[in-house]
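Okay, structure first, notes after.
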Amino acid sequence: MANNYVEHRLEMLESIGLNVIAFEPDTMAISRALIAGDNPEGQIILDMDYMGTNIIIYNNTSPHLTRNINTGTQAIVHAAMQNLNINNDQANQYVFKFGLAQDKLEGQVYRSIIDIIDTLAGEIEKSIKFFSSRYLVSN
């Protein structure tokens, strides 16, 4: 299925006259754009979209761990919708405007989404621990 997706995109680009010389996954493109030089301590990129969160952990200039967690903004907005009994548009607005601010709207938005955020943070922490145990030298 992934090959069909790539082939379809390549055909589309070539059909409009572009000469495609490279095609790379989003995680690699984002990493190349954001990673700054050698860093033996490692660097992490979190790329959250509607359906999921990509975690890319670099050591020096190469990726050593890439992972997708099926928790994105949709899950956070959905939690706000359910817990605050509001519609999708309002939940989107509240989540992106107030987020984790405990002092806004009496902390209602915070309380409605914190379980999803904690779950996501736990998965990120597991990824960091895995990376650290495999690739970082202890002192």
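Things worth noting here:
- Of the residues making up the range 101-123, just one is within 19 Å of Tyr50 (Cβ to Cβ) and either touching a strand residue (DSSP E or B) at 6+ places or on another chain (Cβ under 6 Å) or in a loop (DSSP other than H, G, I, E, B) (or both), namely Glu123.
- Selection status of Phe131, assigned to a helix (DSSP H, G or I), touching a strand residue (DSSP E or B) at 6+ places or on another chain (Cβ under 7 Å) and of a type in the set (Phe, Trp, Tyr): yes
- Count of the range 100-139 residues which are among the small types (Gly, Ala, Ser), surrounded by 14 or more Cβ atoms within 10 Å (Cβ to Cβ) and in contact with a helix residue (DSSP H, G or I) (Cβ under 8 Å, 6 or more places away or on another chain): 1
- Residues in the range 80-116 that are of a type in the set (Val, Ile, Thr) and without any contact (Cβ under 8 Å) to a residue 40 or more places away in the chain: Ile86, Val95, Val109, Ile113, Ile114.
Every number in this text was worked out from the coordinates using simple rules, so none of it is lab data. Quick caveat: nothing in here was measured; it's all calculated off a predicted structure. Note that each Cβ is placed from the backbone with ideal geometry, even for glycine, and that neighbours are counted across all protein chains shown.
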